[in-house]
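The values are calculated or read from the model by the stated rules, or taken from the named source; none is laboratory data. Please read these numbers as outputs of a predicted model, since none were measured by experiment. Here the Cβ is made from the backbone with ideal geometry for all residues, glycine too, and neighbour counts use every protein chain on show. Keep in mind that these areas ignore ligands, DNA and RNA; they rest on the heavy atoms of the full protein, side chains included. Shrake-Rupley method; radii C 1.70, N 1.55, O 1.52, S 1.80 Å.
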Amino acid sequence: MIDRPTSLPFSSLPKLRDLRVSSVQPRDIPLLLRCTLLRRLFIGPGKLNELTLTDCWSILSNCPEMEVFHLTSVKSDVTLPPMGKITLSRLQDLRMGPFIPDPAPLIHCLETPVLQRLQLTVDQRLVVDSSCVRRLVQECRPPLTTLLLGNVDGADVTTCLPLLPDLASLTLHQSSAIDLVIDGLTRQDADGRFNCPVLEHLGLQLCLFKGEGLVRLARERRRAAGGLKVLDDAKMRYKPGEFAGLTIELWLVGEFSDSELKELYDMQTGT
């Protein structure tokens, strides 16, 4: 990773495919706009980062080949000008946060038909505008496989669950109404199908919810998944594909009774 785009040879900019920078300042934007063939762009978390959402829009609208865009931190715009639609027909991996304002103004401009992984977390004093998440979820073909959201309303997440038949990993960080999400993942339709039927990983971080609901979810989905593994606060080691069943990952969560905790751990088949 380089500190800033100014450290790159000017002649190399139009040819770059992969760029990782820790900070972007206003005078760097014209340089980034020359990188029209970028496929992977990683920005942050440098302390000198002055990038705004409007700057992000300018960069993305100039990079139609973008496949991976990670943005750790961004400043709030003083005023947000009108931003037109951007079609990113190759974008598969979009991650924004945690040190950002509400990304909704930018997200609403994006058309990302092949998006597979979406990660949105905002400043802990804010709440993500979940309508932008739902729109992205609805438009993805094929559907998302990985979703990580922070500071969201679980009620909004629950409405997205029926739209995620290919979702393998769901992580919620410091979010509300988690009991509704757990109930939505436990519920079955008349044919016995769950929402998110191929879910392999459920991560709950800094969230409050009732242990009873999670125990019921683990019991019901363990049978469908063929096994259950629980990772607690001291064992945050989830690796995709490592365990052929459902992994539930817990970090500073819940309100569990001793009996609920014991039942959850006793159901494990992957230890």
CD proxy, 222 nm, the chain: helix-only mean residue ellipticity via -39,500 (n - 2.57) per DSSP H run with n ≥ 4, per residue, nearest 500, stands at -7000 deg cm²/dmol
Net charge (Lys, Arg +1; Asp, Glu -1) of residues whose beta-carbon lies under 14 Å from that of Pro162, Pro162 excluded, is -2
With bins of 5 Å, the percent of all Cα-Cα pairs of the chain per bin from 0 is 1, 6, 12, 16, 17, 14, 11, 9, 7, 4, 2, 1, 0
In nanometres, the difference between 0.36 nm per residue of separation and the alpha-carbon distance of Ser259 and Arg193 is 20.9 nm
To the nearest 0.05, the calculated FRET efficiency linking Asn62 and Arg216 through their beta-carbon distance, R0 being 51 Å, is 0.55
In order over the stretch 22-29: 3J(HN,Hα) from phi, Karplus 6.51/-1.76/1.60, θ = phi - 60°, whole Hz, x for each Gly or Pro, gives 8, 9, 10, 10, x, 6, 7, 4
If amide H atoms are modeled at 1.01 Å from N in the peptide plane, then the residues at a separation of 5 or more from Leu71, or on another chain, having amide H under 5 Å from its own are Ile43, Arg95, Met96, Gly97
Computed over the stretch 33-164, the relative contact order (Cα-Cα under 8 Å, seq sep at least six) in percent reads 19
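Return one whole number: the accessible area per residue of the chain in Å², for a 1.4 Å probe. Can you show the working numbers first?
Working: 12580 Å² over 271 residues.
I get 46 Å² per residue for the chain.
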Once both label points are put 7 Å beyond Cα along the C-beta direction, the Leu206-Arg40 separation in nm becomes 2.8
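Given the chain, what count of lysine pairs have C-alpha atoms under 23 Å apart, with each pair 8 or more places apart or on different chains? Before the final figure, lay out each step's value.
Details: Lys47/Lys75; Lys75/Lys85; Lys210/Lys229; Lys210/Lys235; Lys210/Lys262; Lys229/Lys239; Lys229/Lys262; Lys235/Lys262.
Taking the Cα cut-off of 23 Å, the pair count is 8.
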Tilt, helix 130-139 to longest principal axis of the chain (alpha-carbon atoms), in degrees rounded to tens, equals 90
Long-range amide H partners of Thr171, meaning residues 5 or more apart or on another chain whose placed amide H is closer than 5 Å, are Leu147, Leu148, Leu149, Gly203
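Leaving out ligands, DNA and RNA, and with a 1.4 Å probe, what % of the accessible surface on the stretch 29-170 is carbon or sulfur?
Of all accessible area on the stretch 29-170, carbon and sulfur atoms account for 56 percent.
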The relative contact order of the stretch 149-224, taking Cα pairs under 8 Å that sit 6 or more residues apart, comes to a percentage of 36
Expressed as a whole-number percentage, the relative contact order of the chain with C-alpha contacts under 8 angstrom and at least six residues apart is 10
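Please give the length that would be gained between Ala155 and Arg141 if that part of the chain were fully extended, namely 0.36 nm times their separation in residues minus their C-alpha to C-alpha distance (nm, one decimal).
Values: separation 14, 0.36 × 14 = 5.04 nm, distance 2.36 nm.
Gain on extension, Ala155 to Arg141, equals 2.7 nm.
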GNM on the chain, Cα springs under 10 Å; top mean-square fluctuation among Gln188, Gln119, Gln205 goes to Gln188
Distance in nm between Ser76 and Arg27 label points, each 7 Å along Cα→Cβ, equals 2.8
Under the Karplus relation with 6.51, -1.76 and 1.60 and θ = phi - 60°, whole-Hz ³J(HN,Hα) for the stretch 105-121, x at Gly and Pro, equal x, 7, 4, 5, 8, 8, 10, 10, x, 10, 4, 10, 10, 10, 10, 10, 9
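Local charge sum around Arg90 (other residues, Cβ-Cβ under 15 Å, Lys/Arg +1, Asp/Glu -1)?
On the way: positive: Arg17, Arg39, Arg40, Arg117, Arg141; negative: Asp18, Glu65, Glu67, Asp93, Glu111, Glu139.
Local charge sum for Arg90: -1.
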Rounded to 0.05, the calculated FRET efficiency for the beta carbons of Arg17 and Arg117 at R₀ = 22 Å is 0.70
Residue-ordered couplings for the stretch 146-162, obtained by feeding phi - 60° into the Karplus form 6.51 cos²θ - 1.76 cosθ + 1.60 and rounding to whole Hz (Gly and Pro as x), are 9, 9, 10, 10, x, 6, 10, 8, x, 4, 5, 4, 4, 5, 7, 4, x
Non-local residues with an amide H under 5 Å from the amide H of Leu110, with H modelled 1.01 Å from N and Pro and chain starts lacking one, are Ile86
